Amino acid sequence: MMKLKVAFFLVVVAVSTLAFAPFDTYRHVANESFVKGERVDYRVHYGFINAAEARVEVARSLVTVNNRPCYRVNVTGKTVGAFDLISRVRDQWRSYIDTSAILPHMFYRNIQENSYRKEETVFFYHGSNTAYDRDEKKSYKVPENVHDIISGYYFLRTLDFNRIREGEIVEVPTFFDGQVYKMRVRYGGRSVIKAKFGKIKVLKLNPIIPENKLFKGENPMTIWVSDDDNKVPIKAEVDLMIGALEMDIKSYKGLKTELNWMM
């Protein structure tokens, strides 16, 4: 009889615990590509003229947003040299990305471009598929597993491109500036390119950009990312109506694995 009472008590405790435990509705995405403390610096140039510098970094410690552990990813960009005199830019973008779901919980940007200023903070509530703009005090309905611009890029880094066919388009639902759209990227296959530190095997990605008066051609942007676990951008080219901008890796540290440069 005593054993029966003990068994009954254990069942009650187990059921009660399950009944009142929070139900985790978040997806789980395996991340073998980036870690805390990663930092990559880039040089942006227009021909031989330096135009801007950019830094993409993951903070060394996790932070908590919406009661979830998050990577804090910071992206900064600024014009340099003659371009700084023509069109001064000081931009900061930040995303707080769930360590397990690789989804954003908060997105922040502070834009300073000449006299233009914009500051924005958006919270994502994935349980109710809602995005809330704190500055405009406005809520938006968003798709399931929606991303901001930064978290969408980090999610792409987690993909296994061995399972994606050359020419296939990957779509990522994205919320930006009060609107939902699909970030669409075409996988262009594998190749080898030359960069600052030598030659390196890469994956070719072509973000699909709607036709407009700024960009040239059907595929105006190409990004080459390392063909390894990191999948970190090595080089990018953007074809404009008035020429082309290029972005090259300048320095890096704290990557998941060492980049395999070939001399």
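The values are calculated or read from the model by the stated rules, or taken from the named source; none is laboratory data. Being a predicted model, the structure only gives us computed values, none of them experimental. Here the Cβ is made from the backbone with ideal geometry for all residues, glycine too, and neighbour counts use every protein chain on show.
Just give me the residues in segment 57-82 being in contact with a Phe, Trp or Tyr (Cβ under 8 Å, 6 or more places away or on another chain) and free of Cβ contacts under 8 Å to residues at least 24 places away in the same chain, in sequence order.
Those that are in contact with a Phe, Trp or Tyr (Cβ under 8 Å, 6 or more places away or on another chain) and free of Cβ contacts under 8 Å to residues at least 24 places away in the same chain: Ala59, Asn74, Thr76.
To keep it simple, each residue is scored yes or no on (1) in a helix (DSSP H, G or I); (2) modelled with pLDDT of 90 or more.
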residue	(1), (2)
Leu4	yes, no
Val13	yes, no
Phe23	no, no
Val29	no, yes
Asp41	no, yes
Gly77	no, yes
Arg94	no, yes
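Name, by its number, the condition in (1) touching a Phe, Trp or Tyr at 6+ places or on another chain (Cβ under 8 Å); (2) in a strand (DSSP E or B); (3) not small (Gly, Ala, Ser) that does not hold for Arg90.
Exception for Arg90: condition (1).
Conditions: (1) in contact with a strand residue (DSSP E or B) (Cβ under 7 Å, 6 or more places away or on another chain); (2) surrounded by fewer than 18 Cβ atoms within 10 Å (Cβ to Cβ); (3) among the aromatic types (Phe, Trp, Tyr). Tyr116 meets all but one. Number of the miss?
(1)
Determine, yes or no, whether Phe9 is hydrophobic (A, V, I, L, M, F, W, C) and modelled with pLDDT of 95 or more. Steps first, answer last, please.
Details: hydrophobic (A, V, I, L, M, F, W, C): yes; modelled with pLDDT of 95 or more: no.
No; evaluated as a whole, the condition is false for this residue.
Residue check: is Lys196 over 23 Å from Ala101 (Cα atoms) and among the charged types (D, E, K, R)? Write out each step before concluding.
Values: over 23 Å from Ala101 (Cα atoms): yes; among the charged types (D, E, K, R): yes.
The answer is yes for Lys196.
So how many residues does segment 222-243 have that are farther than 28 Å from Gly37 by Cα and either acidic (Asp, Glu) or in a strand (DSSP E or B) (or both)?
Of the residues in that region, 4 qualify.
Against the conditions (1) farther than 20 Å from Val56 by Cβ; (2) in contact with a Leu (Cβ under 9 Å, 6 or more places away or on another chain); (3) surrounded by fewer than 16 Cβ atoms within 10 Å (Cβ to Cβ); (4) not small (Gly, Ala, Ser), where does Pro173 fall short? Just the number, please.
All conditions are met except number (2).
Output the residues belonging to segment 229-244 that are of a type in the set (Asp, Glu) and either in contact with a strand residue (DSSP E or B) (Cβ under 7 Å, 6 or more places away or on another chain) or crowded, with 19+ Cβ neighbours inside 10 Å (or both).
Listed by number, the residues that qualify are Glu237, Asp239.
Could you check how many residues of segment 125-144 are buried (at least 17 other Cβ atoms within 10 Å of the Cβ) and within 30 Å of Lys231 (Cα to Cα)?
3
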